[in-house]
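See below for the structure under consideration.
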Amino acid sequence: MIIDPQTLIWIRGAGEIGSAAAVTLDNVGFRIIISDINPPLAIRRSVTFSDAIIDGETSVEGILGKHIRINQFDQRTQTDFIPIFHDEPEKIQLLSPTILVDARMIKSYNEDYRGWADYVIGFGPGFSTNLNCHSIIETMRGHYLGKIIYEGESMKNTGKPDPIGGESNRRVLYAPNEGKLKWVVHFGDIVEKKQRLGTIDNVTEILAPFSGMVRGLIHPSVPMKPGLKIADVDPRGESIDFTKLSDKARSLGRAALEAIMIFLNNNP
């Protein structure tokens with residue numbers, strides 16, 4: 001199949017799952033745009049395009065993303081990087097995307113997005129083919145991870161992070177209070193249990209829940225509020241590569257490609 005250069009795919013959400021979809025789709029030749037909120041809330045920032053919103057540009061697995069204004073985008077010539085936009089849906093819809101991939105993973109959606117593009121794919125809980133999208137990608141780890149759902153909903157949100165290395169709830173850290181965040185560790189650092197990862201307002205300490213590798217750190221410019229997800233420690237330690245997309249994200253990115261190819265083959 002020859003990819004039509006007029007097929008524009010809008011990925012909403014520049015966290016790890018949206019970034020994995022962008023990497024997969026860019027690698028096979030699709031024209032991609034990504035949008036995210038400002039400031040973005042991704043924590044696995046070594047493998048997400050979200051930092052471009054704050055820092056101007058970033059790369060994921062060798063693919064460059066740059067933050068530009070929507071009115072700077074030229075679909076005919078923009079080929080050397082993936083454009084990253086501030087999430088302004090009304091303006092982005094004027095670019096007439098063929099496909100919308102919603103990878104925000106916010107678990108609850110109040111709009112029907114089916115009129116925003118010819119084909120709308122939603123990732124995970126909160127999406128319904130009867131209410132707000134055309135198909136859904138299952139995001140729950142297990143036998144059905146990456147399954148394309150054409151009727152109904154995905155599995156319900158459990159409210160618990162996926163278990164990794166025997167840890168689930170403890171591996172993800174949340175802000176205990178408001179204030180200014182400062183990290184004293186970096187991605188890939190091996191830390192010990194109760195080691196200080198950072199502080200809020202130089203007073204509240206953020207401590208490692210167990211020994212492992214620092215895999216997620218929210219951008220320090222993001223204002224803190226209680227309950228905000230801010231960090232992730234991986235108990236598997238040095239056995240992982242924090243610079244590469246996770247197996248789950250890569251699987252979901254390729255599931256999005258499968259869903260898109262099926263749609264395009266059925267709608268030539």
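Does any residue of region 244-261 turn out to be out of contact with any strand residue (DSSP E or B) (no Cβ under 8 Å at 6 or more places or on another chain), touching a residue at least 12 places away in the same chain (Cβ under 8 Å), part of a loop (DSSP other than H, G, I, E, B) and within 30 Å of LEU181 (Cα to Cα)?
Going through region 244-261, the residues out of contact with any strand residue (DSSP E or B) (no Cβ under 8 Å at 6 or more places or on another chain) turn out to be 244, 246-251, 253-254, 257, 261.
Going one step further and asking which of them are touching a residue at least 12 places away in the same chain (Cβ under 8 Å), we end up with 244, 246, 248-251, 253-254, 257, 261.
Still in the list and also part of a loop (DSSP other than H, G, I, E, B): 244, 246.
Filter once more, keeping what is within 30 Å of LEU181 (Cα to Cα): 244, 246.
The answer is yes; a qualifying residue exists.
Which condition breaks for ARG114 when tested against (1) touching a His at 6+ places or on another chain (Cβ under 7 Å); (2) closer than 19 Å to PHE49 by Cβ?
Of (1) touching a His at 6+ places or on another chain (Cβ under 7 Å); (2) closer than 19 Å to PHE49 by Cβ, only one is false for ARG114: (2).
Starting from residues that are among the hydrophobic types (A, V, I, L, M, F, W, C) and not in a strand (DSSP E or B), keep the ones in region 196-219 and report whichever is nearest to GLY166 (Cα to Cα). If you could, list the steps in order and put the result at the bottom.
Initial filter on region 196-219 (among the hydrophobic types (A, V, I, L, M, F, W, C)): 197, 200, 203, 206-208, 210, 213-214, 217-218.
Then drop every residue that is not not in a strand (DSSP E or B), which leaves 203, 208, 210, 218.
Values: VAL203: 31, ALA208: 16, PHE210: 12, ILE218: 23 Å.
Going through the qualifying residues, I end up with PHE210.
A quick yes/no check of all residues on (1) surrounded by fewer than 19 Cβ atoms within 10 Å (Cβ to Cβ); (2) in contact with a Leu (Cβ under 6 Å, 6 or more places away or on another chain); (3) in the same structural domain as ILE33 (by TED's automatic domain parsing):
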{"residue": "HIS67", "(1), (2), (3)": "no, no, yes"}
{"residue": "THR79", "(1), (2), (3)": "yes, no, yes"}
{"residue": "PRO97", "(1), (2), (3)": "no, yes, yes"}
{"residue": "ARG104", "(1), (2), (3)": "no, no, yes"}
{"residue": "ARG114", "(1), (2), (3)": "yes, no, yes"}
{"residue": "ILE136", "(1), (2), (3)": "no, no, yes"}
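I'm told MET213 meets every condition in (1) hydrophobic (A, V, I, L, M, F, W, C); (2) in contact with a Pro (Cβ under 9 Å, 6 or more places away or on another chain); (3) under 24 Å from ILE37 (Cα atoms) except one. Can you identify the failing condition by its number?
Result: MET213 passes all but (3).
State the number of residues belonging to region 45-57 that are under 15 Å from THR243 (Cα atoms) and either crowded, with 23+ Cβ neighbours inside 10 Å or in contact with a His (Cβ under 9 Å, 6 or more places away or on another chain) (or both). Spell out the reasoning first.
Filtering region 45-57 for residues under 15 Å from THR243 (Cα atoms) gives 45-51.
Applying the additional criterion that residues be either crowded, with 23+ Cβ neighbours inside 10 Å or in contact with a His (Cβ under 9 Å, 6 or more places away or on another chain) (or both) yields 45, 47-51.
Final tally of qualifying residues: 6.
For GLU90, which of the numbered conditions (1) modelled with pLDDT of 95 or more; (2) over 15 Å from ALA14 (Cβ atoms); (3) under 19 Å from the mean Cα position of the chain (by Cα) fails to hold?
Just one mismatch for GLU90, condition (3).
Looking at region 81-105, which of its residues are free of Cβ contacts under 8 Å to residues at least 40 places away in the same chain, outside any helix (DSSP H, G or I) and over 28 Å from SER251 (Cβ atoms)?
Matches in region 81-105: LEU94 only.
Would you call PRO83 assigned by TED's automatic domain parsing to the domain that holds ILE106, closer than 21 Å to TRP183 by Cα and either among the hydrophobic types (A, V, I, L, M, F, W, C) or buried (at least 19 other Cβ atoms within 10 Å of the Cβ) (or both)? Lay out the reasoning, then the answer.
Values: assigned by TED's automatic domain parsing to the domain that holds ILE106: yes; closer than 21 Å to TRP183 by Cα: no; either among the hydrophobic types (A, V, I, L, M, F, W, C) or buried (at least 19 other Cβ atoms within 10 Å of the Cβ) (or both): yes.
It is false that PRO83 is assigned by TED's automatic domain parsing to the domain that holds ILE106, closer than 21 Å to TRP183 by Cα and either among the hydrophobic types (A, V, I, L, M, F, W, C) or buried (at least 19 other Cβ atoms within 10 Å of the Cβ) (or both).
Among ALA22, ALA42, which is the only one that is modelled with pLDDT of 95 or more, hydrophobic (A, V, I, L, M, F, W, C), in the same structural domain as LEU95 (by TED's automatic domain parsing) and part of a helix (DSSP H, G or I)? Write out each step before concluding.
Details: ALA42 fails: part of a helix (DSSP H, G or I).
Exactly one residue qualifies, and that residue is ALA22.
Hey, among the residues in region 123-144 that are outside any loop (DSSP other than H, G, I, E, B) and within 17 Å of ILE11 (Cβ to Cβ), which one's nearest to the chain's Cα centre (by Cα)? Break it down stepwise before answering.
As a first pass, look at region 123-144 and keep what is outside any loop (DSSP other than H, G, I, E, B): 123, 128, 135-137.
Now narrow it down to the ones that are within 17 Å of ILE11 (Cβ to Cβ): 123, 135-137.
Working: PHE123: 10, SER135: 18, ILE136: 16, ILE137: 14 Å.
Within region 123-144, the match that is nearest to the chain's Cα centre (by Cα) is PHE123.
List the residue pairs whose Cβ atoms are under 9 Å apart, where the first residue sits in region 154-177 and is over 30 Å from SER135 (Cα atoms) and outside any strand (DSSP E or B), the second is at pLDDT 75 or above and aromatic (Phe, Trp, Tyr), and the two are 6 or more positions apart or on different chains.
Qualifying pairs under 9 Å: ARG170/PHE210; ARG171/PHE210.
Where residues in region 210-223 are under 25 Å from the mean Cα position of the chain (by Cα) and surrounded by fewer than 20 Cβ atoms within 10 Å (Cβ to Cβ), which of them is nearest to GLU16 (Cα to Cα)? Write out each step before concluding.
First, the residues of region 210-223 that are under 25 Å from the mean Cα position of the chain (by Cα): 212-223.
Okay, now just the ones that are also surrounded by fewer than 20 Cβ atoms within 10 Å (Cβ to Cβ), so 219-223.
Working: HIS219: 14, PRO220: 18, SER221: 19, VAL222: 17, PRO223: 21 Å.
Out of the qualifying residues, it is HIS219.
Conditions: (1) touching a residue at least 40 places away in the same chain (Cβ under 8 Å); (2) touching a Lys or Arg at 6+ places or on another chain (Cβ under 8 Å); (3) closer than 30 Å to GLY115 by Cβ. ALA21 meets all but one. Number of the miss?
Unmet for ALA21, out of (1) touching a residue at least 40 places away in the same chain (Cβ under 8 Å); (2) touching a Lys or Arg at 6+ places or on another chain (Cβ under 8 Å); (3) closer than 30 Å to GLY115 by Cβ: (2).
The values are calculated or read from the model by the stated rules, or taken from the named source; none is laboratory data. Fair warning: this is a prediction, and the values are worked out from it, not measured in the lab. Every residue, glycine as well, gets a Cβ built from its backbone with ideal geometry; the counts of neighbours run over all protein chains shown.
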